[in-house]
1. Within the range A:295-335, track down each residue that is among the charged types (D, E, K, R) and in contact with a strand residue (DSSP E or B) (Cβ under 8 Å, 6 or more places away or on another chain).
2. Determine whether A:TYR27 is exposed (fewer than 11 other Cβ atoms within 10 Å of the Cβ) and under 50 Å from the mean Cα position of the chain (by Cα).
3. Please go through the range B:197-225 and pick out each residue that is of a type in the set (Gly, Ala, Ser), under 27 Å from A:HIS249 (Cβ atoms) and either in contact (Cβ under 8 Å) with a residue 40 or more places away in the chain or in a loop (DSSP other than H, G, I, E, B) (or both).
4. Among the polar types (S, T, N, Q) and under 60 Å from the mean Cα position of the chain (by Cα), is that true of A:THR107?
5. Would it be correct to say that B:GLU21 is without any contact (Cβ under 8 Å) to a residue 12 or more places away in the chain, outside any strand (DSSP E or B) and touching a strand residue (DSSP E or B) at 6+ places or on another chain (Cβ under 7 Å)?
6. Could we say that A:THR94 is touching a Leu at 6+ places or on another chain (Cβ under 9 Å), of a type in the set (Val, Ile, Thr) and loosely packed, with under 15 Cβ neighbours inside 10 Å here?
7. Within the set of pairs 6 or more residues apart or between chains, which connect a residue that is touching a residue at least 60 places away in the same chain (Cβ under 8 Å) and more than 16 Å from A:SER301 (Cα to Cα) inside the range A:339-362 to a residue that is assigned to a loop (DSSP other than H, G, I, E, B) and of a type in the set (D, E, K, R) with Cβ atoms less than 8 Å apart?
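The values are calculated or read from the model by the stated rules, or taken from the named source; none is laboratory data. Since we're looking at a predicted model, the values are computed, not measured. As a convention, Cβ positions derive from the backbone with ideal geometry for all residues, glycine included, and neighbour counts pool all protein chains shown.
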Amino acid sequence: MNLLNYTLKYLSITLLVVISIWAFFFYFNMIDEIMDSIDDGLRNDKILVINKVESISTTIERAGFRDHNYSIVQIKEKQGLDYKDVYKDTLMYTLNEKDLEPFRLLTTAFRHDNKYYELKVVASTVEQDDLVRELFYGLVWLYVVILISVFVINNWLLRKIWIPFYLLLDRLKAFRLDRDKGIKTAETSVKEFKELNETVSSLVEQTVGTYSSQKQFIENAAHEIQTPLAISLNRLELLAENEDLSDNHLEAIGRVIRTLERLTRLNKSLLLISKIENRQYGELESVSVNALVKMLVVEFSDFADLKNITIALEESGRIEASMNKDLAAILVSNLLKNAIAHNINAGKISVRINSHSLIIANTGMLSPLNPLKIFKRFEKDSATQESTGLGLAIVKAIIDLYGYKLSYSFAHQQHQMIIDFK
Amino acid sequence: MKILVVEDEIDLMEIIQQSLEKENYVVETAGAYSNALDKITSFEYDCILLDIMLPGGSGFELLEELKRIGKSDNVIIISAKDSLEDKLKGLNMGADDYLVKPFHIAELTARIKSVLRRKSLNGKNIIKLADLSINLEEREVLIKGTAILLNRKEFDILSYLIVNKNRLVNKAALAEQVWGDYMDQADDYEFIYSQIKNLRKKLKENESGLEIQAVYGIGYKLVAL
């Protein structure tokens, strides 16, 4: 939900509640005020009628709702003495509406010539259902007009005032740590956006700084760790060329060399992962996955032949991926290597490429692997001592870098790795 | 043949020196920029191994000086920097080759020999060893004058072993050379063995005086019987 709809949603709910409550109080206040005013009028009418009775003697006989807005009826003295003014709502037939309409009725009593009379005075009042209806429609219109104004004003505000914000958002989206040195922000007079721009700029600056020092560190680590390793290996190789050595010595040297080579591989893999995760593989190019897979299947045939493994390649589509060429090769070769290394003797590997995914399935252990664990670092089955346990972690890092999808499944006694390039 | 090794890391310099002396080269060393500059300007070398990061200056400056006096064509840069820019810079400045550290000694030997061959044989890339002659350009192998048929990998292994004759070549170095980068992470190098087996068979069938010896799980060695 974008900012515009969000404000609109909350405003519309709040306004609805506020306007409803307000309408409720407003209605009762207004009715009260109207009644008060009508009752004042009735009281005045009462005085006028009583005065009229005093001055014109025939008033009492002529009174009646047929001709006037009052009626006079004689009552007993006892009744007249106890009489109190009563205001109430009533319905009367009106000629113009030809229907019963609401009226306000004042019932009171007065004394004239020692006789007591009951006086009823009426005044037309508001039709409450009409009032409610009118009020309701009025408020609905108000509500709609307010919402439309909010929408229009908000829209305009978002377009005008929020420009720097959306510009910043676009630039942040396009920002690449391995390529950009900093971020350019737009001029703005809004204090919050100014602050946002400054904060983002300094954050980006810091991140770029950290990134480059991290990069430096990785380069140094490669230099510092690999060189002594290589020197140790080279020295051992020179030592192994010594003619005086016995077979036992040579065998021991061979073991140390193998261990050091494992350490070298481990170091290389770790550096590779951190290089991928630090996005230091910049240059993208269009890589034909089909051609790459074909080439690597041939390259790995020696490796596969050792275990009498057959590799079948099946292409039902073409994939062109925009990625770093070296990483693409590492991705596919790690998967192929895995499929061979964890295979059984005379096993099978089937490589399938369709229009959007690469599927590598292989025979191997008869039970499925734990899909939550296999892509973690140093997760390996104990059977293969020499493996670094980083092969699939590297694959995962590459997949994550490019936003592809990687999944594992076990079907028809085969372990399947699926890369979705979409 | 005289080779100058410009490298500030004493350990690595020693190894390179020892290894090259086994190949009967005369090896001189320089551990710093000024030292190297003196030797470059005063003496003639058949090949110069040049590190880029040196105390007192950069290998690129030395390379510039070499180019100025017309001696840059036999330089092999050895650097820990694996970036494409550095490689291009080095090669554009006239270096003959660029080797990224760490490297296998066998690989260094092969590169040095390639530079030397180019210099001395007028571009003819033929190596003769005992009764075998191998043409690296035509990818042709003759034993006692008879051509023998090798597949690409067998040829690559054989030529690498011949360049490093009588030396122990590590399996990892061999795998990297012949199978490329994809195999350097391979957990074992058993797959090399089947190719070696085929090569041995072909050498034997043609009664060659050369033999590939296995050295205790470490690697292989080509010797003339």
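1. Those that are among the charged types (D, E, K, R) and in contact with a strand residue (DSSP E or B) (Cβ under 8 Å, 6 or more places away or on another chain): A:GLU314, A:GLU315, A:ARG318, A:GLU320, A:LYS325.
2. no
3. B:GLY217, B:GLY219, B:ALA224, listed by residue number.
4. So A:THR107 fails the test.
5. Answer is yes for this residue.
6. yes
7. Cβ pairs passing all conditions: A:ILE353/A:ARG318; A:HIS356/A:LYS422; A:SER357/A:LYS422.
Conditions tested, residue by residue: (1) touching a helix residue (DSSP H, G or I) at 6+ places or on another chain (Cβ under 8 Å); (2) on the phi < 0 side of the Ramachandran plot; (3) surrounded by fewer than 16 Cβ atoms within 10 Å (Cβ to Cβ); (4) away from every other protein chain (no Cβ under 14 Å).
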position: B:ASP46; (1), (2), (3), (4): yes, yes, no, yes
position: B:ILE52; (1), (2), (3), (4): yes, yes, no, no
position: B:PRO55; (1), (2), (3), (4): yes, yes, yes, yes
position: B:SER58; (1), (2), (3), (4): yes, yes, yes, yes
position: B:LEU66; (1), (2), (3), (4): yes, yes, no, yes
position: B:ASN74; (1), (2), (3), (4): yes, yes, no, yes
position: B:SER79; (1), (2), (3), (4): yes, yes, no, no
position: B:GLU85; (1), (2), (3), (4): no, yes, yes, no
position: B:LEU91; (1), (2), (3), (4): no, yes, yes, yes
